[in-house]
Amino acid sequence: MSEIASRGRIWLSALAGPGTLIEGVSTVLAADAPLGGETARFIAVVPDPANRFPRARHGEVGLDEGWGLAAAVRAVIEADQDGTRRPIVAVVDVTSQAYGRQEEMLGIHLACAAAADAYATARLAGHPVVALLVGKAMSGAFLAHGYQANRILALADDGVLVHAMGREAAARVTRRTVAELDRLGEQVPPMAYGIRAYAGLGLLHRLIEGVSAEVPGAADVERVRSELVQAVADIRASGRRDLSCRLASPEAQRTRAASIEVRRRIAEQWDAG
């Protein structure tokens, strides 16, 4: 595999060492490394220009990646089932899920669901799961790798983007220009791509300011490692294994009031049935 210095690879290496490839997958790296006095598993998806699936050569999550992520997480669940549940850190820099005829025919929905299910299972089993957004967190790739975390942290950098669809694809679907979409995002936060807009939705546990995302120095790495340690401690102190904290923040109460009300009414009707 030809190595590409993606943000996912850079930050995995900085925080945990170069990592090793999951068996049979050229794009999923995992490393076990110290984090706050214990061992954590760090996982990243990285590009491979020689990937056997052409649609998954630039950091996308495709068939191999979905199953590889599931394997990396499930191995930790199995190893720790009779002991302390170690933290799992998803280092996120994923451009999208891998769109393609091969992927659809061979079941990309199953591969990505396996990854999401593995992360959710780890969280519910008591593993503190933290997602660290260092680059793009786009579309189904983010759902498969990172979105099931107890806590989501992100670097405050213009290259850290979160959305359900890439700009160009969204422009085609909505029959707008990219510039028009960007202007719309300034008025409607859920339409924006920047991480600060995403933070305004109340989904982030911490937005980490003042860190170099592309060329992290020693101080940057230690700052992020400290934030990860604090996030793990916060997860354990809360005693909760669900994702309800994402609706409890002041930002969520303000910008997601309608979503919260819909959930309340659905729960009310469900319980009444």
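The values are calculated or read from the model by the stated rules, or taken from the named source; none is laboratory data. Since the model is a prediction, treat every value here as computed from it, not as a measurement. With ideal geometry, Cβ positions are generated from the backbone for all residues, glycine too; neighbour counts draw on all protein chains shown. Note: accessible area is taken over every heavy atom of the protein model, side chains too, but ligands, DNA and RNA are not part of it. Shrake-Rupley method; radii C 1.70, N 1.55, O 1.52, S 1.80 Å.
Is there a residue in the range 123-131 that is in contact with a helix residue (DSSP H, G or I) (Cβ under 9 Å, 6 or more places away or on another chain), open to solvent by 40 Å² or more (accessible area, probe 1.4 Å) and of a type outside the set (A, V, I, L, M, F, W, C)? So far as the range 123-131 goes, no, none of its residues is in contact with a helix residue (DSSP H, G or I) (Cβ under 9 Å, 6 or more places away or on another chain), open to solvent by 40 Å² or more (accessible area, probe 1.4 Å) and of a type outside the set (A, V, I, L, M, F, W, C). Among residues that are over 15 Å from the mean Cα position of the chain (by Cα), over 25 Å from R74 (Cα atoms) and among the polar types (S, T, N, Q), S226 is included.
Would the range 107-117 turn up any residue that is in contact (Cβ under 8 Å) with a residue 12 or more places away in the chain and closer than 29 Å to E209 by Cβ?
no
Among A156, A144, which is the only one that is closer than 26 Å to V129 by Cα, of a type in the set (A, V, I, L, M) and in contact with a helix residue (DSSP H, G or I) (Cβ under 6 Å, 6 or more places away or on another chain)? Among A156, A144, only A144 is closer than 26 Å to V129 by Cα, of a type in the set (A, V, I, L, M) and in contact with a helix residue (DSSP H, G or I) (Cβ under 6 Å, 6 or more places away or on another chain).
The set of residues in the range 195-214 being open to solvent by 50 Å² or more (accessible area, probe 1.4 Å) and either in contact (Cβ under 8 Å) with a residue 60 or more places away in the chain or under 19 Å from the mean Cα position of the chain (by Cα) (or both) consists of R196, H205, R206, E209, E214.
Of the candidates A248, A192, the single residue that is out of contact with any Lys or Arg (no Cβ under 7 Å at 6 or more places or on another chain) and surrounded by fewer than 17 Cβ atoms within 10 Å (Cβ to Cβ) is A248.
Looking only at the range 155-177, which residues are surrounded by fewer than 14 Cβ atoms within 10 Å (Cβ to Cβ) and either in a helix (DSSP H, G or I) or of a type in the set (K, R) (or both)? If the condition is that a residue be surrounded by fewer than 14 Cβ atoms within 10 Å (Cβ to Cβ) and either in a helix (DSSP H, G or I) or of a type in the set (K, R) (or both), then E168, R172, V173, T174, R175 are the ones that fit.
Among the candidates D93, D48, which residue alone is closer than 25 Å to V160 by Cα and under 17 Å from the mean Cα position of the chain (by Cα)?
Working: D48 fails: under 17 Å from the mean Cα position of the chain (by Cα).
Sole residue among the options that is closer than 25 Å to V160 by Cα and under 17 Å from the mean Cα position of the chain (by Cα): D93.
The residue pairs whose first member lies in the range 179-191 and is on the phi < 0 side of the Ramachandran plot, whose second member is open to solvent by 80 Å² or more (accessible area, probe 1.4 Å) and modelled with pLDDT of 75 or more, and whose beta carbons are closer than 9 Å, counting only pairs six or more residues apart or on different chains, are L184/R176.
Considering only residues that are modelled with pLDDT of 95 or more and open to solvent by 10 Å² or more (accessible area, probe 1.4 Å), which ones fall in the range 37-48? So that I can check it myself, show each step before the final result.
Just the residues of the range 37-48 that are modelled with pLDDT of 95 or more, to begin with: 38-48.
Selection gives E38, T39, R41, P47.
Of all residues in the range 137-152 being more than 9 Å from the chain's Cα centre (by Cα) and in contact (Cβ under 8 Å) with a residue 60 or more places away in the chain, which is surrounded by the most Cβ atoms within 10 Å (Cβ to Cβ)? Among those that are more than 9 Å from the chain's Cα centre (by Cα) and in contact (Cβ under 8 Å) with a residue 60 or more places away in the chain, it is N150. Name the residues in the range 178-196 that are closer than 26 Å to L15 by Cβ and part of a helix (DSSP H, G or I), would you? Selection gives I195, R196.
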